[in-house]
1. I'm checking my understanding of the structure. Among residues of the stretch 518-557 that are farther than 21 Å from ARG568 by Cα and small (Gly, Ala, Ser), which one is modelled with the highest pLDDT?
2. Inspect the stretch 427-437 for any residue being over 20 Å from ASN96 (Cβ atoms), outside any loop (DSSP other than H, G, I, E, B) and of a type in the set (Val, Ile, Thr) and give the result as yes or no.
3. For the stretch 144-183, enumerate the residues that are open to solvent by 10 Å² or more (accessible area, probe 1.4 Å), among the hydroxyl-bearing types (Ser, Thr, Tyr) and farther than 14 Å from ILE526 by Cα.
4. Give me a count of the residues in the stretch 381-391 that are more than 25 Å from VAL288 (Cβ to Cβ), at pLDDT 95 or above and either open to solvent by less than 30 Å² (accessible area, probe 1.4 Å) or of a type in the set (Gly, Ala, Ser) (or both).
5. In the stretch 369-380, is there at least one residue being open to solvent by 30 Å² or more (accessible area, probe 1.4 Å), of a type in the set (Ser, Thr, Tyr) and not in a strand (DSSP E or B)?
6. Any residue in the stretch 263-292 that is open to solvent by 10 Å² or more (accessible area, probe 1.4 Å) sitting within a Cβ distance under 6 Å of a residue that is of a type in the set (S, T, N, Q) and modelled with pLDDT under 95? List the pairs, counting only those 6 or more apart or interchain.
7. Mind counting the residues in the stretch 143-180 that are in a strand (DSSP E or B) and touching a Phe, Trp or Tyr at 6+ places or on another chain (Cβ under 6 Å)?
8. Return the only residue of ALA413, ALA408 being modelled with pLDDT of 95 or more, assigned to a loop (DSSP other than H, G, I, E, B) and open to solvent by 20 Å² or more (accessible area, probe 1.4 Å).
Amino acid sequence: MPPSPSRPRSRPRGRHRLPAAAVVLAVTTGSLLSAAAPALAHGGDDLAPHVDSRRVAEEVRQDEVAALGREHAEEHARMRAAVRGVGDYPQTTRTNRYNALTASQAQLNKAFAPETFGAFKEYFPSPDFGDHVALLPTGKVLLFSFERIETNPEKEPAPTQTIGKENAGRAFLWDPAKGTGKDAFQRVDPPVSDMPDGLDEPRPVPFFCSGHSFLPNGMLGVFGGNLGGNGGTGAKLSLVFDPWTETWTRNPDMSVGRWYPSVVTGADGRQLIMSGQSELGYGTPTPVVERFPAKAFPVPVKKTDTPKNTPVERFRADAPFSFDYPHLFSLNDGNVYGFGRAANEQWRFDPVAETRADLTARPDGRKRNYGSAVMLPGGANGPDSALVLGGDRDNPGTLRFSNGSWTAEKSRAFGRTQDDTLLLPNGRLMTVNGAYDIRDYGNGPYNPNADLKYRQIELRDDQGNWQLGPVQRLPRGYHSNAVVLPDGRIMVTGDELQQLANNTDVNGTVDGVPGTTGPITMNGTIEIYEPPYLHQGDRPALANAPTTPVGYDKRFTVTSTTPGLAARAVLLAPTTSTHSVNTSQRYVDLRLTGRAGNRLEFQAPPDAKAAPPGWYLLFLLSDKGVPSVAQWVQLSA
């Protein structure tokens, strides 16, 4: 959430050198962006009668209603709302910002041919900020975050320092098959619980800033969260979201609190949970590693295998990461690699022996804050290397870890933190989102005006070259996310500050969202990007894929109505991410073993080290790398 007192929160407000392509864009849009300069509302004692009725309603206290009566209590509420409103962020500024960003995006992106750079296509409201996302094997996307305590983007909207009922989690499902309207969303809040803060105020558990990864049966394990106070206090929550029944299950708590932990699923299908600030508050990162499910409990494989009353257990080796959210990857030797944000905190964990070994320190010698990393395609045997990219605003360099050592790869155009890098179905990489620092888009903390360069995506080709591409509607930095959808499009969301700063109706509500008990504020947004491959010719058609689990190294058959277009096939693991950490995405080539008419035979990955058990997107690809619409297959021993 917000920077803790021990983190730097200010710096000189200078502009930063832009790459050549971005300089051209900045010059072109200077007048457009100037219209979005922030302003403060001014008011005095006459504010109270004019305060928005919704804000008054939010300030009404039931104890005052009982003691003073409704009318008198509303007077008190009106004055509180007025005081809160002084110095607020005016709706006119939000609308002007959004209009300016919309106009500049349309103008700037004329220079980018879709068949080379792709194109941003749709932009629509969402009921959630999308600080955490997961593409579920039903094709729906789970979004979850927190109930906002502030709408002013120059202040902290998250309840990091708040204890009690206002510190609550929320979650929604978006069904892309239902389009982009309110009926495409469904509320699926986490369990209600009285958290251990001494206030006896049950509410949906505050699981924001947790860690998560997929279980072999497609369920999502979610661990940790925020209890509020002391710079960020770790919750001990252990939860599972079941995509098949669209319900949550709470399991016994972890042994330690974790705020900002990382989670990875290993070759055995069990999850390792590392790092995070403990229940003592910020500045107490826990070295304790835990495993879920505990080894005495079975790994959930079937859709009906919902872990209930299933504990975590202590892993014998510790992981003394100094900073939050390390990158964790299960490479094809079966070990879990932990790439810490500190250059000298790089470790290998053996899930079988439960040991930790030192890796060579990252040669840049610099701390990388929240920035992306990704396992690189490694053919049919799965990934054997990883690329560490962002997290250093002053360093555009990328480093590849392979066979125990680091090598420099080609750099991106500029350094950025809070970025998201995705593996695309054609094996290439795409970076979207980014910022200068936490809550800083280039003009100082909590100033939502962003340097233009952070709106530009970057694309990496087969030779490792990066190229700047079109600009997204909003700049998205801290808490931004991106997901590859089954149809090959990219969903971009997250960053509550920018979503609040550019909301054309920040206090508006939309009634009737399925699964809700009251009006829902559509204060989030989603943007859709179409990669170049969707503008490069006909797509292969995947007609049928296996509907029962596929065993390792086994041959299986798919059918296609366009078999002549299908040159190869790949498995792409679905994304679940937060805070630029994405431990799940994985790219595995399938071996083509035969063709006959509209039938193609492939051979599954050799073992669980190449691809841990679970649900994967199966894409057919043309010889030009154009993907089909994917179908889901499950790998299982």
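1. Residue satisfying both the conditions and the ranking: GLY524.
2. Residues of the stretch 427-437 that are over 20 Å from ASN96 (Cβ atoms), as a first pass: 427-437.
With the extra rule that they be outside any loop (DSSP other than H, G, I, E, B), the set shrinks to 429-432, 435, 437.
This time we only want the ones that are of a type in the set (Val, Ile, Thr), so: 431-432.
Yes - at least one qualifying residue is present in the stretch 427-437.
3. If the condition is that a residue be open to solvent by 10 Å² or more (accessible area, probe 1.4 Å), among the hydroxyl-bearing types (Ser, Thr, Tyr) and farther than 14 Å from ILE526 by Cα, then THR151, THR162 are the ones that fit.
4. The initial filter retains those residues of the stretch 381-391 that are more than 25 Å from VAL288 (Cβ to Cβ), namely 381-385, 387, 389-390.
Next, only the ones that are at pLDDT 95 or above stay: 381-385, 387, 389.
Narrowing the set further to residues that are either open to solvent by less than 30 Å² (accessible area, probe 1.4 Å) or of a type in the set (Gly, Ala, Ser) (or both) leaves 382-383, 385, 387, 389.
Qualifying residue count, the stretch 381-391: 5.
5. no
6. TYR282/SER4
7. Looking only at the stretch 143-180, we keep the residues that are in a strand (DSSP E or B), and these are 143-146, 169-174.
If we keep only those that are touching a Phe, Trp or Tyr at 6+ places or on another chain (Cβ under 6 Å) as well, we get 143, 145-146, 169, 171-172, 174.
The total comes to 7.
8. Working: ALA408 fails: assigned to a loop (DSSP other than H, G, I, E, B).
After ruling out the rest, the residue left standing is ALA413.
The values are calculated or read from the model by the stated rules, or taken from the named source; none is laboratory data. Predicted model only: the values in this text are computed from it and were never measured. All Cβ positions, even for glycine, are placed from backbone atoms using ideal geometry, and neighbour counts span all protein chains on display. Only protein heavy atoms, including side chains, enter the accessible area calculation; ligands, DNA and RNA are left aside. Shrake-Rupley method; radii C 1.70, N 1.55, O 1.52, S 1.80 Å.
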